[in-house]
Every structure is written in structure tokens, then in C-alpha cells.
Amino acid sequence: MNNAFVIFILTYILIGIQNIPKLHINRPAGALLGAVAMVLFGVISLREAYAAIDLDTILFILGMMIIVAYTKVSGFFKIAEDFILKSAKNASSLLLLLIFSSGLLSSLFMNDTICLLFTPLVLELTNRTYLNPTPYLVALATSSNIGSVMTIIGNPQNMLIGLYSKIPFLEFLRILAPVTIVGLILNFLVISFIYRKEIANKPIVVRENNSSKIQIQKELLFVSLIALALLLVFLCLGFHPPAVAITLACLLILAGAAKPRKALEEVDWTLLLFFAGLFIVMKGVEESGIVNSIFNYVQRYISDGKLKQIINLSLGSSVISNIVSNVPAVILFSHFFSNLANSKLAWLTLAMSSTLAGNLTIIGSVANIIVFESAREKVKVGFFEYLKVGFPLTLITLIVGVVVLVFLS
């Protein structure tokens with residue numbers, strides 16, 4: 001148990017703290033080091049490490065990333081960008097369009113993907129319209145997190161929860177969609193108020209930029225959208241998510257045979273390594289008895305009445321998500337839920353709170369890190385600059401999430 005505990009703590013320090021001086025180890029590498037250490041120090045055997053990797057999760061995420069990659073290569077996201085450019089009449093409407101487009105697209109294409117694609121758009125657009133990019137970058141990060149709450153394909157932690165809990169796609173959507181819709185509206189109001197001097201209702205004029213003209217591959221776009229539609233249909237009908245995702249991904253590879261290499265280069269292979277490493281680390285923690293010890297202590301706080309369960313679990317997951325990030329937090333909490341009387345409520349609460357908690361600080365979620373790291377050469381957003389939006393927004397949206405779960409779950 002001592003070995004497992006030390007490895008667990010060191011692994012999560014590497015995962016949670018990315019600015020350790022003279023130590024340049026990213027999250028996937030940190031998870032891999034922790035996984036190897038669990039085997040080297042005899043906490044689990046190599047065979048147990050192999051068995052600990054949840055292939056359903058790996059397959060599901062891989063399939064989703066391939067579908068998203070082909071959709072990106074086809075030019076779909078360029079169409080979305082062009083729509084925002086043409087539709088925005090003033091700074092306030094631009095903010096509104098950005099929040100709702102990035103939020104709703106995040107529910108279908110994973111929030112990390114939307115942040116990667118939209119960050120350059122925000123920088124280019126604000127540069128061409130002489131707008132302060134900071135509120136729009138903050139809006140992109142926060143809305144992508146809020147938007148990803150409502151589906152099991154909106155972010156990596158929800159994918160885990162969807163597979164673990166077996167909650168049907170439509171039921172998950174029915175209960176958590178109101179959290180997303182109300183949350184996006186609140187996001188617009190909070191940012192508009194805090195940055196009211198920068199976001200005035202004045203007309204904006206976007207200079208033409210020939211280098212950014214849309215290049216659409218119509219056939220691939222059509223096939224990609226068909227694949228996405230079929231994905232949603234099959235998930236709604238209750239088919240096994242990993243089988244659906246990887247099958248449609250393979251069909252896309254066959255249909256887009258001229259571009260498989262370019263599309264596969266878009267897949268975040270290190271994210272799969274990150275998950276595999278975390279599964280092994282958590283298996284070591286479970287085998288050591290640490291999880292049972294923790295569960296015996298916290299069980300009374302997450303099983304004592306519906307309202308108390310929602311509030312306590314929301315608070316706990318919010319704190320842990322901001323210490324070790326939301327994906328590791330979900331894997332940790334997943335060990336507690338199998339024996340709960342109302343495990344479905346616990347899973348839905350975890351999906352809501354662990355995702356919304358990512359908006360608290362600038363390093364609260366991978367989506368936030370993607371936005372501000374991608375933009376750092378042109379715009380630097382400080383910890384406290386972000387916090388003045390992140391703190392009130394997280395608090396308000398978590399309250400909304402608790403209320404929604406009390407009445408709809």
C-alpha cells in the first residue's frame with residue numbers, strides 16, 4: 001500500500017502540475033511513468049497491468065477521434081468559422097455566436113477538438129476587427145466546457161462515464177441538456193458584464209483575407225456528416241458505443257481513402273496513451289486497498305439523501321478535478337459508485353460537476369490549456385485575469401446543475 005500510495009501521489013503531481021522547473025514531462029508521459037512504476041515496484045503484475053486497460057474506452061475514443069479528424073479534413077469547421085464571420089454584426093453578437101457555436105459543437109465533436117480549431121479563428125477575427133481577444137478566448141474555453149456537459153461524446157470524462165454507467169445516450173442528453181443551455185446563456189451574461197467596456201454594441205467590419213478562403217471537399221464532407229448522423233442514431237438506439245464509433249471510423253477510412261494519412265495525423269494518439277497509463281495506475285491503487293479505505297470514509301457523504309449526495313459529490317469532484325484534472329478524477333470516483341443505491345444519479349452528478357469545475361481556473365481542464373497555450377505567442381491571459389470570469393461562472397453553473405439534477409434525475 002505504501003508503494004502504491006507514493007506512486008499515486010507522484011503520478012498525480014506530474015499530471016496536475018505542468019510547470020515544475022527543469023522537469024518537462026507532459027500528462028501522457030506522467031501517466032506512463034506511473035503505470036510502469038506500479039509494475040516495477042510490484043504493486044501489480046505485468047499481466048494485471050495489461051488487463052487493467054479498458055479497451056472499450058480506448059476503442060471508443062479512437063473511433064470518435066477518427067470521425068472528428070475526417071470531419072475536420074473535409075472542411076466542416078471552416079464552414080462554421082465562415083458562418084460566424086458573416087453573421088456577427090457587432091462585438092456582442094460575435095461573443096454570442098462564438099459561445100453557442102463552440103458550445104453546441106463541443107457536444108458533438110469533443111471540447112478539446114473545438115478549442116484546437118477555434119483558437120486560431122478567434123485570434124484572426126479579433127485581430128482583423130481590432131477587438132480585445134481576451135474575452136473571446138475566455139468565452140471559447142468556458143463555453144466548450146459547458147457545451148460538452150450534455151452528451152457522452154462531449155469530452156473524454158463523459159465518454160468514460162457513459163461507458164461505465166451504461167446510461168442511454170438520450171437519457172443523458174435529456175437530463176444534462178438544460179444545464180448546458182442555461183450555462184451558455186449565463187456564460188454570455190457573465191463575460192458581457194465583466195468585459196462590458198471591451199464588448200460594446202458597435203458594428204464591426206471584417207477585412208477580407210484571401211488566404212483564409214474556405215476549401216471544402218464536398219464528398220468527404222457529405223460522408224463525414226452521414227457518419228456523424230449515424231453515430232448519433234445508433235447511440236440513441238442503445239448500440240454498444242465502442243463498436244459503433246470504430247465501425248463508422250473504418251467506413252470513413254474506406255470512403256475517404258485518398259486522405260487517410262492526413263486524417264490519422266489529426267488523431268491525438270498521446271491521449272490514448274494517457275488513458276492507458278491512468279487505468280494501470282488506478283488498478284494499482286485499487287489492488288493496494290487505498291480505494292477501499294477512501295471509500296469507507298467518504299461513503300456517508302455521497303449516499304445520504306438525494307440533495308446531499310448531489311451537493312457533496314459536486315463539491316468533491318470540483319476540488320479533485322482542479323487538483324488532478326477531470327479525467328483522473330472520474331477514474332478515481334468510478335470505484336465508489338458500484339455499491340451506491342442510486343448510482344445513476346452519482347454518475348450524472350459527476351459528469352456535470354467534473355466538467356463545469358474545469359472552468360474554475362485557467363488550468364482546470366485540458367480545453368482551457370489548449371486555448372491559452374495555443375494563443376500564448378499573441379495573447380497572454382493571466383491566472384487572475386481568467387479567474388474573475390472562471391470563479392463566478394463555475395459557482396453559478398454548478399448551482400444550476402444541482403437544481404436541474406434535483407428536479408430531472
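Show me the helices (runs of 4 or more DSSP H) found entirely inside segment 58-159 where at least 1 residues are of a type in the set (Val, Ile, Thr) and closer than 25 Å to Ile253 by Cα. Quick ask: steps written out before the conclusion?
Working: elements: 76-87, 91-109, 111-128, 133-147.
Result: 76-87, 111-128.
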Which listed residue, of Ile204, Ile214, is under 30 Å from Leu131 (Cα atoms) and either modelled with pLDDT of 80 or more or surrounded by 14 or more Cβ atoms within 10 Å (Cβ to Cβ) (or both): Ile204
Based on what the data block shows, is Ile320 part of a loop (DSSP other than H, G, I, E, B) and closer than 26 Å to Gly284 by Cβ? no
Residue count, segment 240-296, condition at pLDDT 75 or above, farther than 18 Å from Lys72 by Cβ and either outside any helix (DSSP H, G or I) or touching a strand residue (DSSP E or B) at 6+ places or on another chain (Cβ under 9 Å) (or both), comes to 1
Could you look through segment 129-154, keep only residues that are at pLDDT 90 or above and among the polar types (S, T, N, Q), and pick out the one that is farthest from Leu170 (Cα to Cα)? Thr134
Inspect all residues belonging to segment 70-92 and state whether any of them is under 24 Å from Leu173 (Cβ atoms), out of contact with any strand residue (DSSP E or B) (no Cβ under 7 Å at 6 or more places or on another chain) and among the polar types (S, T, N, Q). yes
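The values are calculated or read from the model by the stated rules, or taken from the named source; none is laboratory data. Fair warning: this is a prediction, and the values are worked out from it, not measured in the lab. Cβ: placed from backbone, ideal geometry, glycine included. Neighbour counts: every protein chain shown.
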